[in-house]
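Visitor: Before we start, here is the structure in question, set down as structure tokens.
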Amino acid sequence: MALSSEKKTDKENNPHKRLEPLKKLMDYGVVKIDHFENIYRIDPKLEGAPNFRQCYGFHIYGSGQPTVSALTKIIDALVYGKKEKSDEEEKSSKNKETEHNKSSRKVKKILWINMRSEPVIYVKNYSYAPRDPKNLSENIHFPSDLSIPEITWLQMELTEIIRRRTSANSNQFEYHQDTYALLPQDRKDQVHQVHIDKVEDDIMSLQEMYDRVSRSKDNVITLRRLTVNDERAPEPKSIDELVGMIKGVGFDTAIIFNCQMGKGRTTEGMIMACLIKKRMQHLIQDYQSRSAQNNSLWPDDVPTISTEEANDSKKYMNVQQTISNKTTTGTTTTKTTATATVTTTTTTTTTTATVSISSMTTMNSVTMRNGDFTIIRNLVKILTQTYHLNGQALKKELDDIIDRCQHLQNLRDCIYFTKLWFDFESKSETHSNSSGTAHETKRSAYWKKLSLNFLERYFVLICFNAYLHLQTAFDSNKQELFLKSTYSQWFQSCHDIIKCLGTYSDGPLSRFNWD
């Protein structure tokens, strides 16, 4: 006789059971405002949208997490062609948009892709994310396999937690804020409070905020979520999701990526979107003509140097000089086999300086900055000989897109720049006293780990470009990309490529030493 009811699984009884520890962490944790000092790095500056920029030749943009008011400004600028106005100007120009104006828009819709893996809430105008009280200087690392519904659930739970906490505190909302420093352990925490008038209305989830703004703007903006861990290569499933989001997006739709600061994850998303768009043949071949069109929306000149390189190189040169001045005779000599010429550019001055790199690598700085490491050369060789592609051309095509998107960070050059900082911290360890050695060793290890992250990311981006050339075609009838297979399916079948990279604990990646 059949049972009237089947025994339910744990997942059916509580579909969010595995999220309970994360909810508990958020419950006793704090929230930190996304905007920190020195978050704005590039010009022109759009207040409230840190590092908002456009990639040359594409309707593809990047930004830090925007404020509510900045999101409205971006929609007005890209879709309606409006410039920021004073209250008086706004009152005197309330004429409704004509059908002719709507049809002549260069951008009719916006696809906004949030690249953050952590829950995000808004309190009034600003965004906040949860932090562990035991590690306030870094984002909580949420599992990479969290689904979008799970992130959405955590986000709503965080919203309710902060609503209850604020109500219980006489409507005083408490939040934390970072000071800026290159290394997380050097950042200082500050605590603030602000009064909230309407807790239910003023405290909202990321999705609730976008829904409100979209309804007020003719629903021209759509929010999508793509969870990518900071400063890491995207997972194959995340690449599949991104291709699915973009493959049918028309030329009249602007694609905007964001993470907290608009730096690593955002730049990564912009690069992949550009490669997809280029493969879809949506890029007009006459770049000058296209650039003129895009300039009317937002300046999109190709940056000659990333702001990260300009700022961090200047700091590096200063600290190198300090260490050099403190070095006494009779110390152990470190082999120097490379010299880098670093050009830093600001709005007023251009400075060129030569920096010695303490290293046992036989590669020169030009080779490293070109990304011609052994692992990459081997990948190019495999793509050429085994997959019958022009591996060097694929790398060159990617490098061109990387250079177009290097406003904040050049995703190829940064592998080399971790070497500079690793060498500096290693030199500091040599001259540190016994009480500071452990701390300094941790600092150099940070840069070594980061170099592996950046190399893996560069490797994956080359693989992604190879996938686009091998496994996709443009469907002119549907005006979208036709996929012969997903990136996940293709990559998992490429055992020679997977072996070429290895892992953090085994294979070529684990042995990488800037060679």
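The values are calculated or read from the model by the stated rules, or taken from the named source; none is laboratory data. On a predicted model such as this, the values are computed, not experimentally measured, just so you know. Neighbour counts run over all protein chains shown; Cβ positions are idealised from the backbone, glycine included. Accessible surface areas use protein heavy atoms only, side chains included; no ligands, DNA or RNA. Shrake-Rupley method; radii C 1.70, N 1.55, O 1.52, S 1.80 Å.
Visitor: Can you give the extra length, in nm with one decimal, that the chain gains between LEU182 and SER147 once fully stretched, where that is 0.36 nm per residue apart less the Cα-Cα distance?
Guide: Going from the current span to full extension adds 9.5 nm.
Visitor: Applying the Karplus parametrisation 6.51 cos²θ - 1.76 cosθ + 1.60 with θ = phi - 60° to the phi angles of segment 486-493, what ³J(HN,Hα) value in whole Hz is obtained for each residue in order, glycine and proline being reported as x?
Guide: 7, 4, 4, 4, 5, 5, 5, 8
Visitor: Return the distance in nm (one decimal) between the two label points of a simple spin-label model at THR386 and LEU470, each offset 7 Å from Cα along Cα→Cβ.
Guide: Going by the 7 Å Cα→Cβ label model, 0.8 nm.
Visitor: Additional query: Mind listing the long-range amide H neighbours of ALA233? Cut-off is under 5 Å, sequence gap 5 or more, other chains count too, H placed in the peptide plane at 1.01 Å from N.
Guide: Answer set, sorted by chain and number: ARG457.
Visitor: Arrange the peptides 114-120, 229-235, 159-165 so that the one whose residues have, on average, the most other Cβ atoms within 10 Å appears first.
Guide: 114-120, 229-235, 159-165
Visitor: What do the square roots of 5 times the Cα gyration tensor eigenvalues come to for segment 41-80, in whole Å, largest first, as semi-axes of the equivalent ellipsoid?
Guide: They are 16, 13, 8 Å, listed from largest to smallest.
Visitor: Using a 1.4 Å probe and ignoring any ligands, DNA or RNA, find the accessible area of LYS427 and quote it in Å² to the nearest 10.
Guide: LYS427 has an accessible surface of roughly 60 Å² with all protein chains in place.
Visitor: Could you tell me which of the pairs LYS108/LYS396; LYS32/LYS263; LYS247/LYS499; LYS427/LYS448; LYS73/LYS478; LYS278/LYS478 are separated by over 23 angstrom between their Cα atoms in the structure shown?
Guide: Violating the 23 Å limit, Cα to Cα: LYS108/LYS396; LYS247/LYS499; LYS73/LYS478.
Visitor: Using mean Cβ contacts within 10 Å as the protection proxy, how do 198-209, 499-510, 406-417 order, highest first?
Guide: Listed from highest to lowest mean packing, they are 406-417, 198-209, 499-510.
Visitor: Right, another one. Determine the gain in length on full extension of the stretch SER69-ARG224; use 0.36 nm per residue of separation and subtract their C-alpha separation, reporting nm with one decimal.
Guide: Computed gain between SER69 and ARG224 is 53.9 nm.
Visitor: Between LYS198 and LYS82, what length in nm is gained on full extension when 0.36 nm per residue of separation is reduced by their alpha carbon distance?
Guide: Taking LYS198 through LYS82 to full extension adds about 38.7 nm, to one decimal.
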